[in-house]
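Peer 1: Handing you a structure now.
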Amino acid sequence: MTAFLTAGAFLAVLSGATAGAPPPPDQPVVTSPGGALSLTVTVDDGRLRYSVRRAGTVLVEPSALGLRLTDGTTLGGDVRITATRTRTSDTTWKPLWGADSTVRDHYRELTVQLRQEGGRFFDLVVRAYDDGVAFRYRVPRQRALPALEIVDEATEIAIAGDPVAWWTPRDLDTDEKMWRSSAYTAMDAGNTPVTFRYGGGTHLSVHEADLTDYAAMTVVPEAGRLRAALVPTPGRTAAVVTGTGRTTPWRALTITPDAGGLIESHLLENLNPPCAICTGDTSWIEPLKYAGIWWLIQHRRATWKAGPWQGATTARAKEYIDFAAAHGIRGLLAEGWNEGWEGDWSDQDFLRAAPRFDLAEVVAYGKSKGVEFVSHNETGSGVANYERQIDAAFALYERLGIHYLKTGYVGKIPGRHHFDQRMVNHYRLVLEKAARHRINVICHECVHGTGETRTYPNALAREAVRGQEWEAFSRGNTPEHTLILPFTRMLSGPMDYTPGIMNIRWDPQKAGRRVHTTLAKQLAYYVTYSSGAQMAADLPRHYENSPGLKFLEDVPVTWDETRVLSAEVGDHLVMARRSGTDWYVGAMTGERPRTLRYPLSFLGEGTWVAESYSDGPETDYARNPEAVDVARTVVTRTGTFTAALVRSGGQAVRFRPATPADLQHPSPTPPPAQRG
């Protein structure tokens with residue numbers, strides 16, 4: 001990952017830092033490079049506050065700042081401003097993979113130096129980007145404060161007015177809740193991200209960035225405001241115990257004029273440090289599509305544990321590898337490959353294979369077919385057991401040539417919360433150790449992402465979502481839920497939702513369950529849901545003769561350019577992504593049928609072929625969700641394209657430059673029927 005400085009980058013302007021300089025301003029302000037966003041810092045009667053405006057309109061009213069310490073004081077109370085300094089930075093960096101091949105990191109930064117009456121001192125560091133603002137606390141080493149023992153934060157986000165809010169209930173151990181919509185004043189405590197839409201169309205999403213050696217942030221309503229509440233650590237008063245001479249995570253507000261801007265933003269990634277593992281060869285860091293011995297188990301047609309119904313066997317793994325190799329799918333996940341599934345899963349063995357599964361043989365067979373083995377480490381929340389084995393396990397995987405790993409933390413972790421400081425440090429430890437053994441990680445049941453894929457690009461995906469597995473063992477996910485995710489959960493980082501179900505109504509348990517989409521929407525997920533590890537989640541036999549298989553074969557996992565063409569949170573999304581010369585579009589809708597027409601101006605000059613997979617005249621969400629229309633049309637950038645979507649429907653399109661043969665035999669197709 002390389003940074004390139006543009007002309008004029010890192011211009012620093014110091015104020016109040018030299019003898020004879022004017023006193024620092026009482027209300028320092030930092031404004032975004034484009035001038036639309038501003039954050040103002042104030043000290044009123046010793047109380048530190050901030051507020052945020054966009055185009056002159058108040059989005060966040062004066063809100064408290066500070067850290068509550070175990071000695072009963074607040075770092076942020078009884079303060080005065082001693083100095084300020086500002087700088088501007090404008091650089092670009094190149095991710096190894098992601099939504100765009102080049103990312104601009106352009107901001108203005110304000111540092112406010114503060115001192116308390118008792119002599120303690122700290123800085124508030126504020127950045128303003130064109131797509132949001134962020135702030136963090138920097139606490140230098142000092143005699144008056146040798147360590148930081150933080151009970152909680154005093155940080156507030158006083159949202160102005162009563163915008164619409166999308167949120168999930170606060171939970172210290174899981175993010176797998178259904179997304180909700182309410183007025184801001186009606187929302188309860190929640191996990192982050194939380195997203196708001198103001199009356200004028202402005203969208204604001206609250207989250208954190210660069211979560212390192214700290215407890216995760218949640219939000220709780222207090223006196224009409226939201227407060228950044230840290231996940232507590234069981235068994236001690238302090239949620240965070242750490243040294244001084246450090247900064248806290250960023251409190252980040254992504255702010256855009258419309259819903260699509262949230263998805264296009266790189267704010268959270270930009271707030272993270274540059275790549276920490278990119279020295280030397282990085283060829284092993286590579287996104288992939290993968291199949292899995294998984295959906296069969298989720299539907300209770302096989303088991304994780306060894307025995308007559310054992311899912312992960314050498315024979316079945318080879319069958320899945322053959323399927324993957326035939327269709328350009330580069331990975332195979334085999335859940336249950338190892339010993340230790342018989343009890344509560346907390347005492348698993350991550351080195352010894354289960355009976356009827358030969359790890360070395362399966363890995364070698366996959367290599368011969370160009371299919372990577374995705375190892376599975378389900379800890380069953382036995383974290384201590386995992387940490388005892390992790391070095392030996394990762395060394396074994398490296399010797400065998402295993403470069404992909406899915407981790408899991410099902411259950412209650414003794415003496416810990418999934419999102420407390422100790423577990424945040426554990427997840428980072430796994431990433432760092434995995435990188436030393438050239439292993440990419442897909443993390444389930446772990447803490448939300450905070451943009452760290454910039455620093456650790458081997459973090460291909462994480463769950464932190466009520467994903468598609470819930471369709472197999474519960475009432476499932478609502479169509480609205482799947483249309484809220486891109487504007488909330490997905491903002492925090494790549495998401496392992498496990499798309500690609502072709503047999504929508506498969507219900508082997510006769511439990512009245514189904515996947516709550518059409519087949520075409522499953523294909524659209526590969527474009528609309530960002531992930532460095534996209535699963536072909538269905539059974540191999542369900543892909544046989546499926547009209548959607550060709551799109552699944554073609555669609556990439558990483559992109560060069562991303563544009564949102566039309567979006568409304570919870571209602572619909574049309575997204576275009578480019579890989580090389582080809583463009584892919586995913587369109588999907590929630591509860592309401594809709595006809596969406598989008599311009600093709602993102603295409604280059606010349607003639608293009610559109611290969612589309614759409615809800616068709618025979619598609620019906622309740623009675624025939626598997627029906628899909630496959631069409632091939634010749635288009636240019638001056639035209640428009642139509643997606644006629646049924647309830648929870650979709651469309652997936654590949655646009656490729658036309659060949660001479662395409663132009664000799666064009667295949668025009670009549671426009672889809674109107675919906676909604």
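Readers should treat all values here as calculations from the given coordinates under stated rules, not as data from a laboratory. All of these numbers come straight from a predicted model, not from anything done at the bench. FYI the Cβ positions are ideal-geometry reconstructions off the backbone, even for glycines, and counts take in every protein chain you see.
Peer 1: Using DSSP to call loops (not H, G, I, E or B), can you name the trypsin sites (Lys or Arg not before Pro) in segment 130-163 whose Cβ has at most 11 other Cβ atoms within 10 angstrom?
Peer 2: Numbers: sites: ARG136, ARG138, ARG141, ARG143; in loops: ARG141, ARG143.
Passing sites in segment 130-163 are ARG141, ARG143.
Peer 1: If you line up the Cα atoms of the chain on their principal axes, what length do they span on each, largest first, in Å?
Peer 2: In descending order, the Cα extents are 78, 59, 48 Å.
Peer 1: Which percent, to the nearest 5, of DSSP beta bridges fully inside the chain are antiparallel?
Peer 2: Roughly 85 percent of the DSSP beta bridges within the chain come out antiparallel.
Peer 1: Let me have the 222 nm mean residue ellipticity of the chain computed from DSSP H runs of 4+ only, each contributing -39500 (n - 2.57), with the sum over all residues rounded to the nearest 500.
Peer 2: Details: 13 runs with 106 residues, N = 676.
Computed ellipticity for the chain at 222 nm equals -4000 deg cm²/dmol.
Peer 1: Check cross-link reach from LYS550 to the lysines: straight Cα distance under 17 Å, and skip same-chain residues fewer than eight apart.
Peer 2: LYS289, LYS521
Peer 1: Cα-Cα over 22 Å: which of LYS305/LYS412; LYS318/LYS406; LYS412/LYS510; LYS94/LYS369?
Peer 2: LYS412/LYS510; LYS94/LYS369
Peer 1: Something else about it: Placing +1 on the Cβ of each Lys and Arg and -1 on the Cβ of each Asp and Glu in the chain, which of ALA524, LEU429, THR453 has its Cα farthest towards the positive end of the resulting dipole?
Peer 2: Of the listed residues, the answer is THR453.
Peer 1: State the extension gain, in nm to one decimal, for the chain segment bounded by ARG356 and THR247, taking 0.36 nm per residue of separation less the distance between their alpha-carbons.
Peer 2: 34.2 nm
Peer 1: Sticking with this structure for a sec: Evaluate the distance, in nm, between pseudo-label points positioned 7 Å from the Cα of ASP71 and of ARG623 along their respective Cα→Cβ axes.
Peer 2: Computed distance between label sites ASP71 and ARG623 equals 7.3 nm.
Peer 1: In segment 574-676, which GluC sites (Glu not before Pro) are in a loop and have at most 12 other Cβ atoms within 10 Å, using DSSP for the loop call?
Peer 2: GLU605, GLU618
Peer 1: Please identify every one of the GluC sites (Glu not before Pro) in segment 477-554 that sits in a loop by DSSP and has no more than 12 other beta carbons within 10 Å of its own beta carbon.
Peer 2: Sites meeting the loop and neighbour criteria: GLU544.
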